[in-house]
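The values are calculated or read from the model by the stated rules, or taken from the named source; none is laboratory data. Just so it is clear, the model here is predicted, and its values are computed rather than measured. Cβ placement follows ideal geometry from the backbone for every residue including glycine, while neighbour counts extend to all protein chains displayed.
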Number of protein chains: 2
Amino acid sequence: MAAQQARSFSARQFSCEKCPLRPLKVFREFEKEELAFVSKFKKGELAVDKGATVLVEGNHSAHLYTVLSGWGFRYKLMSDGRRQILNYLMPGDLIGLQGSLMGEMQHSVEALSPLLLCMFERDQLHELYRNYPGLAYDITWIASREEQMLDENLLSVGRRTALERAAYLIAFIGSRAKTVGLNGKQAIEIPITQQHIADTLGLSLVHTNKTLRKLMDRELIIWRDGGCEILDVDGLMRLARWEGLSEVLRPLV
Amino acid sequence: MAAQQARSFSARQFSCEKCPLRPLKVFREFEKEELAFVSKFKKGELAVDKGATVLVEGNHSAHLYTVLSGWGFRYKLMSDGRRQILNYLMPGDLIGLQGSLMGEMQHSVEALSPLLLCMFERDQLHELYRNYPGLAYDITWIASREEQMLDENLLSVGRRTALERAAYLIAFIGSRAKTVGLNGKQAIEIPITQQHIADTLGLSLVHTNKTLRKLMDRELIIWRDGGCEILDVDGLMRLARWEGLSEVLRPLV
DNA sequence: CGACAAGTTGACGCACGTCAAGGCCGGTGG
DNA sequence: CCACCGGCCTTGACGTGCGTCAACTTGTCG
């Protein structure tokens, strides 16, 4: 429970025009004006330590963030401590939209690795909607994509067996990571503990461990020093009966 | 598996200005201009029979709908027939936003009762974003609310026991129904079968039945002729450790 | 050196799933 | 009119997937 709040704020080091993410081919091109506005919209960067909490359920956040680099996750807690991880966050993902729109966060966000965030001010969201309909559309698009991922996660937790669930989750994270170029040197390594997986799948830690072992025995993944490496994405997808991500151009705000 | 496609299209019978939903106090007031645009945006009404399929996973839908009256649900199927119900739809809810934004529907929608829908054309969504930022904001808001509901459902399926899950689900549906004035004569009756509940909770039909019996024995609900009536919402919420819906003004498109 | 976080493994129990049978009811056709 | 059927709910018996408990390992950091 070392829920540190370690953060550090800094002025921008990455200008939006030279955003390291934007060249990725998953992201759609922006108009010059849009880019200029986003650049103005951006108020700075926030560096968050691994394991630190970015946003807390119940709080009102004045900010909206985009992940510039690193991994994180969204989760909810029950009063007796049960935790459900809702989704993972990686570069290009938006954080805190719910809070910005509806006032109060209904989930928390924690960093899985050192996390670098672009910070935006909630108040300017209205200006964005007023003057940049294309960006507004993009934000809705992003919200809709999150919903789509949640749908699939819900299907998984509700209807897949433990083995299928684990296979799905790892294939899912791996696929997402790949689209944003997170493959270290060929293979993708996911900075996650088995406890995280358990809390995502709705399983106990022990049973998660035994399930992952089966995946390892089948040579679909290997687990090593606090992370997971995928050996055979297609095998995982077949096992989980999962079709994969739809490959479409995404907006990046 | 009588997945009929029974629908009937008709010109509008309800003008947006006299929308029976809008007077409800959960919905925020609209500007005159917004209302005028929505009215122009609306292309007619669609009546769907109970049990009929409104939208099918994998299809490209040219339309966007708002529920005017009746109940429905969103769900996903796996290739071997396992079904996961994702959420329920009631008056004021938007249908088909994912399809309109991202091209392809990733879930299906079915009517639980006779359903009356307002129909909008996807192509005009861009115009809406260009000229009515307030409405655009509202649509994002609605998408965000859906995400919030999914978060809670995921927590439920992942981390609550069968009894808690059932209690949560019924309290959740009942609360939502109440905010849109769906209480028949005092009590709320939910037009749903136990199979639906099972497919929502990620449980088997048999175990769902036994779980509901426990709720009945505790006098929290009663089950009758193809529906569920809530006796004690607070009791259900306490049992599920659920805080309830946040009570905020919603937009209605 | 101890302390702690993360992973591993076996033993055992329970909350679920599965199978099977039957009841109730409305609809349909003889 | 009854006979039959299919949808929905109900209940018991039994099996199993997963949870819980507990002990041990390994690596890391002080």
Checking residue B:156 against (1) surrounded by 20 or more Cβ atoms within 10 Å (Cβ to Cβ); (2) within 12 Å of DNA strand D (Cβ to nearest atom); (3) of a type in the set (Gly, Ala, Ser), the condition it does not meet: (2)
Would you call residue A:227 modelled with pLDDT under 95, of a type in the set (Gly, Ala, Ser) and surrounded by 14 or more Cβ atoms within 10 Å (Cβ to Cβ)? yes
Residue in region A:144-174 that is nearest to residue B:101 (Cα to Cα), counting only those that are facing chain B (nearest Cβ under 9 Å) and among the basic types (Lys, Arg): A:145
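Give the residue, chosen from B:116, B:163, B:169, that is among the aliphatic types (A, V, I, L, M) and assigned by TED's automatic domain parsing to the domain that holds residue B:89. Outline the logic, then answer.
On the way: B:163 fails: assigned by TED's automatic domain parsing to the domain that holds residue B:89; B:169 fails: assigned by TED's automatic domain parsing to the domain that holds residue B:89.
Just one listed residue meets the conditions, B:116.
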Residues B:34, B:104: which one is part of a loop (DSSP other than H, G, I, E, B), farther than 25 Å from residue B:165 by Cβ and either hydrophobic (A, V, I, L, M, F, W, C) or more than 16 Å from DNA strand C (Cβ to nearest atom) (or both)? B:104
Report, by residue number, each residue of region B:169-195 that is more than 16 Å from the chain's Cα centre (by Cα), more than 13 Å from DNA strand D (Cβ to nearest atom) and not charged (D, E, K, R). B:184, B:186, B:187
Checked A:47, A:62 against criteria (within 25 Å of residue A:131 (Cβ to Cβ), away from every other protein chain (no Cβ under 14 Å) and of a type in the set (A, V, I, L, M, F, W, C)); the one match is A:62
Restricting to region A:119-136, what's the tally of residues that are crowded, with 21+ Cβ neighbours inside 10 Å and within 8 Å of chain B (Cβ to nearest Cβ)? 2
Hey, among the residues in region B:68-118 that are surrounded by fewer than 20 Cβ atoms within 10 Å (Cβ to Cβ) and without any contact (Cβ under 8 Å) to a residue 12 or more places away in the chain, which one's farthest from residue B:197 (Cα to Cα)? B:102
Look at residue B:157 and say whether it is within 20 Å of the chain's Cα centre (by Cα), closer than 25 Å to residue A:84 by Cβ and of a type in the set (Val, Ile, Thr). yes
Residue check for residue B:122: at pLDDT 95 or above, closer than 24 Å to residue B:43 by Cβ and away from DNA strand C (no atom under 16 Å from the Cβ): no
Here is a list of conditions, (1) among the acidic types (Asp, Glu); (2) within 26 Å of residue A:69 (Cβ to Cβ); (3) away from DNA strand C (no atom under 16 Å from the Cβ), and residue A:234 meets all of them except one; can you say which number that is? (2)
Scanning region A:196-222 residue by residue, the ones that are within 14 Å of DNA strand D (Cβ to nearest atom) and without any contact (Cβ under 8 Å) to a residue 12 or more places away in the chain total 6
Residues being under 27 Å from residue B:133 (Cβ atoms) and in a loop (DSSP other than H, G, I, E, B) - total across region A:74-101: 3
Of A:75, A:132, the only residue that is in contact with a helix residue (DSSP H, G or I) (Cβ under 6 Å, 6 or more places away or on another chain) and either of a type outside the set (A, V, I, L, M) or at pLDDT 95 or above (or both) is A:132
